[in-house]
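One structure is given below, encoded as structure tokens.
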Amino acid sequence: METGGNGPPKPIWNIVMVSAIAAGIQFGWALQLSLLTPYVQTLGVPHVWAAFIWLCGPISGLLVQPTVGYFSDHCTSRIGRRRPFIAAGACLVAMAVFFVGFAKDIGHRAGDSLDNPTKPRAVAVFVTGFWILDVANNMLQGPCRAFLADLSGSDHKRMRIANGWFSFFMAIGNVLGYAAGSYSNLYKLLPFTTTTACDVYCANLKTCFIIDIVFLLSVTITAITTVKETPLKSNGSLDEGEGGSSEPFIVEIVTAFKTLKKPMWILLLVTCLNWIAWFPFLLYDTDWVGVEVFGGKVNGSSSEQKLYDDGVRAGALGLMINSIVLAFTSLGLEPVSRLIGGVKNLWGVVNFILAAGLAGTVWITK
């Protein structure tokens with residue numbers, strides 16, 4: 001995705017307003033990561049199959065972001081290059097979240113039996129909404145980052161500030177999302193969410209997603225109406241002289257890989273292995289706490305179900321604390337790296353800490 005340019009940097013408040021969209025995006029991601037794996041099992045999807053639903057995230061990230069990035073770079077809309085995609089992405093997120101949250105109700109009205117543990121119509125609605133949600137999140141996030149780069153102009157210091165604000169609002173969204181997921185009585189704010197097909201746990205999830213819709217649309221509408229964008233002319237140039245490569249994203253990536261040195265390949269390999277280990281943890285963390293730590297069971301007896309629900313909320317609380325620690329740790333990375341001899345040493349140490357932490361989950365389970 002083409003970012004930056006030769007135009008003058010915009011005021012900091014513009015960057016803050018656009019960065020705030022990250023809080024709305026991350027609010028939804030936090031709810032997905034903490035609540036949806038447990039929720040999909042209540043629809044009758046076996047535990048082992050839950051991960052296949054999550055394949056949409058990596059697939060959409062691989063395909064959607066480059067595609068949206070390319071068309072965003074060449075968009076000649078009179079309201080700008082990025083804002084049309086940001087607005088469309090936010091609307092798709094809102095629609096998808098509605099399908100996910102109300103899957104049980106829609107499935108019940110379509111003919112799902114309350115006595116049958118497997119609810120095929122609700123599963124179909126959920127999976128459709130979930131895949132749209134991941135596509136929309138990727139469609140929204142890429143143009144937001146590109147918009148920040150455009151607003152920063154060619155000022156590298158301003159770009160670092162923009163990234164800092166974006167990370168800050170991501171942390172805010174994480175904290176809000178995990179906090180909402182850990183609170184058991186949130187459904188009381190919207191009593192209508194409790195229905196014949198939707199119990200208290202489901203009602204809590206619906207309430208969380210309704211809040212997410214309102215929050216995301218509020219910050220998005222505020223940002224795209226207050227921060228102006230220079231349209232791209234039909235000849236491919238911006239009014240303020242911005243420009244960049246017109247090559248498709250995939251071509252740029254292939255060209256970059258051809259020039260990579262051995263240390264960079266090693267760095268990419270270790271990062272890849274990190275995410276192979278970390279991503280499954282994110283998918284099953286709250287479910288793992290509910291089953292392995294609290295001893296609960298999905299669709300079990302009332303006492304087993306209560307233990308499982310308590311475990312899921314405890315796991316969401318742990319993720320909220322993790323987000324707070326992450327926010328403060330991010331601020332201290334630079335001085336800590338100097339203290340232990342540089343960024344390379346810090347990177348090596350934290351990889352071993354991550355390995356020890358993940359290995360500790362095996363010990364807790366056994």
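Things to note:
- Neighbours by Cβ (under 6 Å, 6+ apart or cross-chain): first from the range 287-307, of a type in the set (Phe, Trp, Tyr); second in a helix (DSSP H, G or I): Phe294/Leu307; Phe294/Asp310; Phe294/Gly311
- Flag set for Val293, criterion: of a type outside the set (S, T, N, Q) and at pLDDT 85 or above.
- Output for the range 92-119, where each listed residue is open to solvent by 60 Å² or more (accessible area, probe 1.4 Å), in contact with a Ser or Thr (Cβ under 9 Å, 6 or more places away or on another chain) and closer than 17 Å to Phe130 by Cβ: Phe99
- Matching residues in the range 299-316 - criterion: being surrounded by 19 or more Cβ atoms within 10 Å (Cβ to Cβ) and hydroxyl-bearing (Ser, Thr, Tyr): Tyr308
- Test result for Leu267, open to solvent by 50 Å² or more (accessible area, probe 1.4 Å) and modelled with pLDDT of 80 or more: yes
- Scanning the range 126-157 for residues being open to solvent by 10 Å² or more (accessible area, probe 1.4 Å) and among the hydroxyl-bearing types (Ser, Thr, Tyr) gives a total of 2.
- Inter-residue pairs, beta-carbon under 8 Å, first of a type in the set (Gly, Ala, Ser) and in the range 198-209, second surrounded by 22 or more Cβ atoms within 10 Å (Cβ to Cβ) and in a helix (DSSP H, G or I), 6+ apart: Ala203/Tyr187; Ala203/Thr193
- For first residues located in the range 151-179 and farther than 27 Å from Phe209 by Cα, partners that are of a type in the set (S, T, N, Q) and in a loop (DSSP other than H, G, I, E, B) and lie 6+ apart or on another chain with Cβ distances below 6 Å form the pairs Ser154/Asn6.
- The single condition among (1) modelled with pLDDT of 80 or more; (2) open to solvent by 20 Å² or more (accessible area, probe 1.4 Å) that Gln65 does not satisfy is (1).
- One residue from Thr193, Thr220, Thr207 being surrounded by 21 or more Cβ atoms within 10 Å (Cβ to Cβ) and within 24 Å of Ile321 (Cβ to Cβ): Thr207
- Residues being hydrophobic (A, V, I, L, M, F, W, C) and part of a helix (DSSP H, G or I) - total across the range 100-118: 4
To keep it simple, each residue is scored yes or no on (1) within 22 Å of Val227 (Cα to Cα); (2) modelled with pLDDT of 80 or more; (3) not hydroxyl-bearing (Ser, Thr, Tyr).
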position	(1), (2), (3)
Thr76	yes, yes, no
Val100	no, yes, yes
Gly111	no, yes, yes
Pro143	yes, yes, yes
Trp165	yes, yes, yes
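- Members of the range 158-183 that are crowded, with 23+ Cβ neighbours inside 10 Å and within 25 Å of Ala203 (Cα to Cα): Gly173, Asn174, Gly177, Tyr178, Ala180, Gly181
The rows are residues; the columns are (1) open to solvent by 60 Å² or more (accessible area, probe 1.4 Å); (2) modelled with pLDDT of 70 or more.
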site: Leu216; (1), (2): no, yes
site: Gly241; (1), (2): no, no
site: Ile250; (1), (2): yes, no
site: Leu260; (1), (2): no, yes
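- Every condition in (1) part of a helix (DSSP H, G or I); (2) over 30 Å from Leu43 (Cα atoms) is met by Gly290 except one, and the failing one is (2).
The values are calculated or read from the model by the stated rules, or taken from the named source; none is laboratory data. Just so it is clear, the model here is predicted, and its values are computed rather than measured. Heads up, the Cβs are rebuilt from the backbone with ideal geometry, glycines too, and the neighbour counts pull from every protein chain shown. Areas reflect the complete protein model, heavy atoms only, side chains present, ligands, DNA and RNA absent. Shrake-Rupley method; radii C 1.70, N 1.55, O 1.52, S 1.80 Å.
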